[in-house]
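Remarks on the structure that follows.
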């Protein structure tokens, strides 16, 4: 809706696999799904992992963005990507065509804990929320707004540090 890029990783849809939204820690990205994907599949779960603003393939958050905007961002991303979910494992939308998520579990770890809580609707379940990183809009969260050139320098420094 506002021109931002967003990354998402989702397991293959199968009726027997219950969807769960996974909110990555700080730092992290949708690629965390690759780490827990096989275990989730064995447990009959399909992970749906969006990149938070400024992480992975997602654009930095726009000026004025707050944690309270995350639920709308997640719903719009899932609707755009065609991965809207409901507890039965099927894809669904409400009577207005909007993504329906009632009862879909949200799982957050570390800095993803506050995002799991923010994304959950009144009928959703939230589990395994562990906030190791403070949820404040300061500190590490500000790194998401660092200009591209500085972020690129951090990426280039990684191989040199070895």
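Most exposed first by the Cβ proxy, i.e. fewest other Cβ within 10 Å, how do 29, 59 rank?
Values: 29 18, 59 15.
Ranking 29, 59 by Cβ neighbours within 10 Å, fewest first, gives 59, 29.
Its residue count N fixes a reference of 2.2 N^0.38 Å for the stretch 23-70, and the Cα radius of gyration divided by that reference is 1.33.
Coordinate-derived values only; no laboratory data. Owing to the predicted nature of the structure, the values given are computational and were not obtained by experimental measurement. Here Cβ is always computed from backbone atoms with ideal geometry, including for glycine, and neighbour counts include all displayed protein chains.
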